[in-house]
Each structure stands twice: as C-alpha cells, then as structure tokens.
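Asker: The structure follows.
Readers should treat all values here as calculations from the given coordinates under stated rules, not as data from a laboratory. Keep in mind it's a predicted model, so treat the numbers as computed, not measured. No Cβ is skipped: glycine too gets one built from the backbone with ideal geometry, and neighbour counts run over all protein chains shown.
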Amino acid sequence: MTTPPAAASAPLLGEFVRNHRERITPQSVGLPPGFRRRAKGLRREELAALCGISPTWLTWIEQGRALSLSAGTLAALAKALSLNAAERAYLFDLAALRDPASGGVSPGEAVAAALRASLADAVSKFRSPAYVLDADWNAIAWNRPAAALFEGWLGKAATERNLLNYMFLDPDARTFIEDWPERARRLVAEFRADRRAGLQEKGPRAQVSALRRASPDFDRFWSGQDVLAREGGERVFLHPVQGRVALRQLTLQVANSPEHKVVLLS
C-alpha cells in the first residue's frame, strides 16, 4: 500500500517536477528536437512515456494533486529528470516515501546515523568522561570513562539512558550525585530552557507528563517554573568504587545540529 504525499507537500512536489521537466532538453534523453516546439524542455507526454505513466497522471502530479504515488514511479521520475542525489532525496521527502535505492533508510535517517557516528567517534577520543545528549536528553554516544563513572546510567547493565529518567526514577542517582536536590532542581530548569520552543509538541509533552506522574520531585520542580541556562561548573559524584569524584563540566552545542549537546567532564 502506498502513502499519499502530505496535502501541503503535493503542490511543492508538482512544482519541483514541472520545473525540472522544463530543464531537460529532448536531445539529452535521446529524443529529436522537433520543430515548432512551444514547451520548454520535455513535453509532458515525452516525460510520461519515459517514466511509464500516463500523461494525465503526470499532469495531475504537476498540478499538485494529493495522489497515491509509488516509490517506483518516483524513482522513474528521478531517473528521467536526471536528478542528482540531493534532488532525488528531496523528491522522495516531498512524497513522504522511502527511496528504494537507499536500502530502506530515509535520507533523514542516514544523516542522523552519520551524525551519531561522528559524535561517538569524537567523544571516544577524550580521556575524561564525555557523552552526547539529543533533544530529549537521551544519551546517544559516550566514551568508556563516562560508562565507568555513570555505571547506572551508561553502563552495560543500564536499560534506560534518558538523563531525566535516570535522575528522577533511579533511586541510586540520589546517593550517587552529591547535593541531589539542588542538582535535580537545576536540571529540570535547564531542560525547560532547552526545550522552550518545543514543549507543546507531542513528544516533549508526553515525556514531561510521564515524569510528573512517576516522580513527585519532578512534578514539584516543574511546577516551580524555574528556567536556567545550562551552565558548567563543578560536579561531584559519590562513586561506589572510585569514591568521591569532583569534575568540572563543560557543555557544547553541535554547530550543524544544535539540538545535540556534547558534555565534557574533566
């Protein structure tokens, strides 16, 4: 079963196809130039024939109708229009379909996977604890010193790697983090500041609601409406093996992906 393009994207897809059809010369696809050619580039009938679809279907696509397009039709259009990799990815994104040539991975997923790999490689080079948080404050990458320090959160046995969930739902966090009440209060205020533009979105709303139900402390701090910028400074941990560990924290935003944060402890 195919997925129709989003209503808002269908006109954009139609305009994109029409624009690129008008850029293609008949000669470039092996057709004679012909005489008295009024249309710029290929005629709709010519492009439709190259793609194996009817001219009426192509007309509807270019008119921006919300049609049920298949990935095969889009792939044929991309080939006939000589789209480059970025243009092809854009075409499939507009139609809300996955490109069969991508191996089932959407362009967005491929970019995200490459970013995670790059961040994991970057933090692995630090000798002191370092980890990466995504927009929801899930740890998506960390190095060995971080896993050794945050054994309950990032260690092999950990199953939940969201920083807020660890802070408020894991009882060991209260004895591991020195001055837990103040650190927990600040963390909630920092999360509010960090997600200020997206707190009404479904994901963050559900995350906050679940924590408010599960943790009276989180509910109390959230109700306080405190807003604080994420700051560095000393962090003290009471590790069961390493003992009292005092480190200075530095948080960096990723330039081309500001929703990701690299946290360094030295």
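Asker: Starting from the Cα-Cα distance between D172 and A71, subtract it from 0.36 nm times their residue separation and give me the gain in nm to one decimal.
Answerer: 31.4 nm
Asker: With a bin width of 10 angstrom, please list the P(r) values of region 45-188 as percents of all Cα-Cα pairs, from the 0 bin to the one holding the largest distance.
Answerer: Each 10 Å bin holds this share of Cα pairs: 10, 27, 19, 14, 15, 11, 3, 0.
Asker: Taking only C-alpha pairs under 8 Å that are 6+ residues apart, what is the relative contact order of the chain in percent?
Answerer: Reported as a whole number, the value is 14 percent.
Asker: Could you give the nm distance between label points at E259 and D121, where each point is 7 Å from its Cα heading toward the beta carbon?
Answerer: Between E259 and D121, the simple spin-label model gives 2.3 nm.
Asker: Right, next: For L238 and I140, calculate 0.36 nm times their separation in residues minus their Cα-Cα distance, and state this gained length in nm to one decimal.
Answerer: Answer, rounded to one decimal: 32.9 nm.
Asker: Additional query: H260's amide H: which non-local residues (gap 5+, or another chain) put their own amide H closer than 5 Å, with H modeled 1.01 Å from N in plane and none for Pro or chain starts?
Answerer: Residues meeting the amide H criterion: V254.
Asker: Please get the size of the charge dipole for the chain, origin at its Cα centre, with Cβ charges of +1 on Lys and Arg and -1 on Asp and Glu, quoted in debye to the nearest 20.
Answerer: It comes to approximately 780 debye.
Asker: Give the whole-number value, in cubic angstrom per residue, of the convex hull volume spanned by the C-alpha atoms of region 54-104.
Answerer: 78
Asker: So, R0 is 51 Å and r is the distance between the beta-carbons of V245 and A101; what FRET efficiency does that work out to, to 0.05?
Answerer: It comes out at approximately 0.55.
Asker: Classify region 172-266 as rounded, prolate or oblate, taking a ≥ b ≥ c as the square roots of the eigenvalues of its Cα gyration tensor: rounded when a/c is under 1.5, otherwise prolate if a/b is larger than b/c and oblate if not.
Answerer: Oblate, because a/c is 1.5 or more while a/b does not exceed b/c.
Asker: Any idea what the dipole of region 56-198 comes to, in debye rounded to 20, about its Cα centre with Lys/Arg Cβ at +1 and Asp/Glu Cβ at -1?
Answerer: So the dipole magnitude of region 56-198 works out to roughly 140 debye.
Asker: How much FRET efficiency would the formula 1/(1 + (r/R0)^6) give for Q63 and S266, where r is the Cβ-Cβ distance and R0 is 51 Å, rounded to 0.05?
Answerer: So the FRET efficiency works out to roughly 0.30.
Asker: Turning to a different aspect of this structure: Go ahead and run the numbers for FRET between E182 and A206, Cβ-Cβ distance against an R0 of 30 Å, rounding to 0.05.
Answerer: Between E182 and A206 the formula returns 0.65.
Asker: Taking the Cα of R196, stepping 7 Å toward and past its beta carbon, and measuring to each backbone N in region 218-238: which are under 13 Å?
Answerer: From region 218-238, the list is 226-230.
Asker: Is the C-alpha gyration tensor of region 151-191 telling us rounded, prolate or oblate? Criteria: a/c under 1.5 is rounded; beyond that, a/b larger than b/c is prolate, otherwise oblate.
Answerer: It comes out oblate by the Cα gyration axes.
Asker: Only one of the values [x] -0.75; [y] -0.57; [z] -0.65 was calculated from this structure for log10 I(q)/I(0) by the Debye sum over Cα atoms at q = 0.11 Å⁻¹; name its label.
Answerer: Recomputing log10 I(q)/I(0) by the Debye sum over Cα atoms at q = 0.11 Å⁻¹ here gives the entry labelled [x].
Asker: Loop only per DSSP, at most 14 neighbouring Cβ atoms within 10 Å: give me the chymotrypsin sites (Phe, Trp or Tyr not before Pro) in region 146-215, ordered by residue number.
Answerer: Passing sites in region 146-215 do not exist.
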